[in-house]
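The values are calculated or read from the model by the stated rules, or taken from the named source; none is laboratory data. Small disclaimer: the values here were computed from a predicted structure and weren't measured. Here the Cβ positions follow ideal geometry from the backbone for every residue, glycine too, while neighbour counts run over all protein chains shown.
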Amino acid sequence: MEASGVGAEAVLADQGATTAFVVAHPGHELRLATWIARTRPLVFILAKGARAGRSETRIQASRLLVEALGATPSDLFGVAFDSEIYGWIMNRDVKVFSALADDLREAFVARRVEFVVTDAWQNYNPVHDLTHALARVAAAEASALTGRPVEVMDYPVVMGRLAHAPLGSEHSHIEQSSQDLAAKARLIDDYPDVADDVRALDDAVGREAVSRETLHRPLNLETLRGPLDEAPWYERHGEERVRAGVYSDVLRWSHMAPIVAMLADRLSAAESRSGSAVLPALSPIAPL
Ligand SMILES: [Zn+2]
């Protein structure tokens, strides 16, 4: 495409910009495999995805899958075991999530990230929701620091009856040919260690899990959280699992609340800072 009408500086700046994909678990990359293959983002994954104990099988499979798609695993790729993250939430460990937001922001600044796609907040899985908030804080703070806008979009990790929060308006719909869908089906066959979630989703809510890729503008966190007097789905689900003897403790909104409050405060502080920081950067040579 001709760059007519676009300044040389803008074109040069574009070449250095990076797109980031920031998700909670290995396997989420299969939900947006066509977009990833086309965009080749820098990929951040919070949890190692161990079903039990200290297995690295799933995060290793994700690394190979991300590389096969032509994307790049970042330094924050399987930061902790799932049981550790669960423990941090149960202990209401605000500090460790604050440090994670710092690490993500520094990575965004260092790699000149200007577009971020992250898990939607869906009141389905608490780690998805925290990853969503972490990505937004890191993007807003990176933008406030550098004076460059960092756009954030999300995508529905789950859908149908599993989704328990509204989605924002659609930003883009990734067109997929029959070849794209066949390529995705091959990935699902070739990476069984990380394909189980998307397979289960396919069984639970239908082909949409594989055949539809959309990006959305995130809603504000208060809207996503839903009514404060209503327990999120994972809390009610956890109670059932404890009754069935599967879990020993229920992860409740009360464990999440102080962590989300810290992230929400940082998000609104950074958004108000970047609102004032972006303006001068847009007009470096102000007319007298
Ligand atoms: Zn997940």
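Checked against the criterion of being under 20 Å from TYR86 (Cα atoms), out of contact with any Leu (no Cβ under 6 Å at 6 or more places or on another chain) and either at pLDDT below 90 or surrounded by 13 or more Cβ atoms within 10 Å (Cβ to Cβ) (or both), the candidates ARG241, ARG199, ARG207 yield just one match: ARG241. GLU114 passes every criterion in (1) under 17 Å from ALA24 (Cα atoms); (2) part of a strand (DSSP E or B) apart from (1).
Residue-level check: of (1) over 18 Å from the mean Cα position of the chain (by Cα); (2) in a strand (DSSP E or B), SER172 misses just (1). Can you tell me which residue within the range 21-35, out of those that are touching an Asp or Glu at 6+ places or on another chain (Cβ under 6 Å) and within 16 Å of the ligand (Cβ to nearest atom), is nearest to THR214 (Cα to Cα)? Out of the qualifying residues, it is LEU32.
For the range 215-230, a tally of residues being buried (at least 18 other Cβ atoms within 10 Å of the Cβ) and either over 27 Å from GLU29 (Cβ atoms) or not charged (D, E, K, R) (or both) returns 5.
Under 7 Å by Cβ, and 6 or more places apart or on different chains, what pairs join a residue from the range 181-193 that is over 17 Å from GLY70 (Cα atoms) with one that is basic (Lys, Arg)? Matching pairs, first to second residue: ASP193/ARG58. When each of VAL157, VAL205 is tested for being touching a strand residue (DSSP E or B) at 6+ places or on another chain (Cβ under 8 Å) and either within 16 Å of the ligand (Cβ to nearest atom) or not charged (D, E, K, R) (or both), the lone residue that passes is VAL157.
Considering only residues in the range 95-121 that are touching a helix residue (DSSP H, G or I) at 6+ places or on another chain (Cβ under 7 Å) and free of Cβ contacts under 8 Å to residues at least 60 places away in the same chain, the one that is farthest from the ligand (Cβ to nearest atom) turns out to be VAL109.
Among the residues of this structure, ARG186 counts as one that is more than 20 Å from ALA135 (Cβ to Cβ) and of a type in the set (Lys, Arg). Checking the range 249-258 against the condition returns no match, with no residue being crowded, with 18+ Cβ neighbours inside 10 Å, at pLDDT below 95, touching a Pro at 6+ places or on another chain (Cβ under 9 Å) and not in a loop (DSSP other than H, G, I, E, B).
Does THR57 count as away from the ligand (no atom under 15 Å from the Cβ), surrounded by fewer than 23 Cβ atoms within 10 Å (Cβ to Cβ) and within 16 Å of the chain's Cα centre (by Cα)? The answer is no for THR57.
Tallying residues that are crowded, with 24+ Cβ neighbours inside 10 Å and either under 28 Å from ASP203 (Cα atoms) or within 11 Å of the ligand (Cβ to nearest atom) (or both) within the range 137-154 yields 1. Which members of the range 60-75 meet the condition of being part of a helix (DSSP H, G or I) and either over 15 Å from VAL22 (Cβ atoms) or not β-branched (Val, Ile, Thr) (or both)? The answer is GLN60, ALA61, SER62, ARG63, LEU64, LEU65, GLU67, ALA68. Is it fair to say LEU167 is assigned to a helix (DSSP H, G or I), in contact (Cβ under 8 Å) with a residue 40 or more places away in the chain and among the aliphatic types (A, V, I, L, M)? No, not satisfied. So is LEU134 within 16 Å of the ligand (Cβ to nearest atom), assigned to a helix (DSSP H, G or I) and either hydrophobic (A, V, I, L, M, F, W, C) or without any contact (Cβ under 8 Å) to a residue 12 or more places away in the chain (or both) or not? It is true that LEU134 is within 16 Å of the ligand (Cβ to nearest atom), assigned to a helix (DSSP H, G or I) and either hydrophobic (A, V, I, L, M, F, W, C) or without any contact (Cβ under 8 Å) to a residue 12 or more places away in the chain (or both).
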